[in-house]
Amino acid sequence: MELTKNLTEAFNKQIQAEMWSSNLYLAMAVYFMDKGLDGCVNWMKKQAAEESEHAHKLIEYGVSRGGKIVIPAIDKVPTTWESPLAVFEHVYNHECLVSQMVDALIDVAILEKDKATQHFLQWYVEEQVEEESVAKGILDKFAVFGVHGLYCVNKELGKR
């Protein structure tokens, strides 16, 4: 079964979102570079690479199923934040948004009665549960330790 037009369009939209997310995390890495927070830089660079991998996985699947995959233009990402805490709040909120987008993509696969694609997309659901959990865990450290949580977070994220 080939990807339907609706599903192909939804895939292209998700590919764009994943690529935008990769750029967002790179911008966050630059923010942390300027602050000398190497652990946070490390984590953000790995997040950026992971988001790029997510886009590539969608591209490969879409092409293998006969979809007309188009590499989209990527809008500019934010480059400034008020504080390191604000960066991680942005990360958490962004991951929640991506989760909603994955859910919407699965909804299209359900409407199109494409069981193979529904199965393929379950990996993204599980990935988003993990992404939200990790981001929430970082915010929890800030909540417990306040501004001193940054030291803890930076050290921990450097181990990734």
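If only one of ALA48, ALA73, ALA27 is over 26 Å from ASP114 (Cβ atoms), open to solvent by less than 50 Å² (accessible area, probe 1.4 Å) and out of contact with any Leu (no Cβ under 7 Å at 6 or more places or on another chain), which one is it?
Working: ALA48 fails: out of contact with any Leu (no Cβ under 7 Å at 6 or more places or on another chain); ALA73 fails: open to solvent by less than 50 Å² (accessible area, probe 1.4 Å).
Testing whether each residue is over 26 Å from ASP114 (Cβ atoms), open to solvent by less than 50 Å² (accessible area, probe 1.4 Å) and out of contact with any Leu (no Cβ under 7 Å at 6 or more places or on another chain) leaves just ALA27.
Set side by side, the residues LEU3, LEU7, LEU24 differ, and just one is outside any helix (DSSP H, G or I) and either farther than 14 Å from HIS54 by Cα or in contact (Cβ under 8 Å) with a residue 40 or more places away in the chain (or both), which is LEU3.
One line per residue, one yes/no per condition, for (1) acidic (Asp, Glu); (2) under 25 Å from ASN154 (Cα atoms); (3) touching a Gly at 6+ places or on another chain (Cβ under 9 Å):
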{"site": "THR4", "(1), (2), (3)": "no, no, yes"}
{"site": "LEU7", "(1), (2), (3)": "no, no, yes"}
{"site": "LYS35", "(1), (2), (3)": "no, yes, no"}
{"site": "ASP38", "(1), (2), (3)": "yes, yes, yes"}
{"site": "GLU53", "(1), (2), (3)": "yes, yes, no"}
{"site": "HIS56", "(1), (2), (3)": "no, no, no"}
{"site": "VAL63", "(1), (2), (3)": "no, no, no"}
{"site": "PRO72", "(1), (2), (3)": "no, no, no"}
{"site": "THR80", "(1), (2), (3)": "no, yes, no"}
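Checked across segment 96-107, the condition of being small (Gly, Ala, Ser), surrounded by 15 or more Cβ atoms within 10 Å (Cβ to Cβ) and modelled with pLDDT of 95 or more holds for at least one residue. Between a residue in segment 54-79 that is outside any helix (DSSP H, G or I) and any residue that is modelled with pLDDT under 95, which pairs come within a Cβ distance under 8 Å, given they are 6 or more apart or on different chains? If the second residue must be modelled with pLDDT under 95, the pairs left are ARG65/MET1; ARG65/GLU2; GLY66/GLU2; GLY67/GLU2.
Conditions tested, residue by residue: (1) among the small types (Gly, Ala, Ser); (2) closer than 30 Å to CYS152 by Cα; (3) open to solvent by less than 50 Å² (accessible area, probe 1.4 Å).
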residue	(1), (2), (3)
HIS94	no, yes, yes
ALA109	yes, no, yes
LYS115	no, no, no
HIS119	no, no, no
TRP123	no, no, no
GLU131	no, yes, yes
VAL134	no, yes, no
ASP140	no, yes, no
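The values are calculated or read from the model by the stated rules, or taken from the named source; none is laboratory data. Small disclaimer: the values here were computed from a predicted structure and weren't measured. Cβ: placed from backbone, ideal geometry, glycine included. Neighbour counts: every protein chain shown. When the accessible area is computed, the model is the full protein with side chains, heavy atoms only, and any ligands, DNA or RNA have been set aside. Shrake-Rupley method; radii C 1.70, N 1.55, O 1.52, S 1.80 Å.
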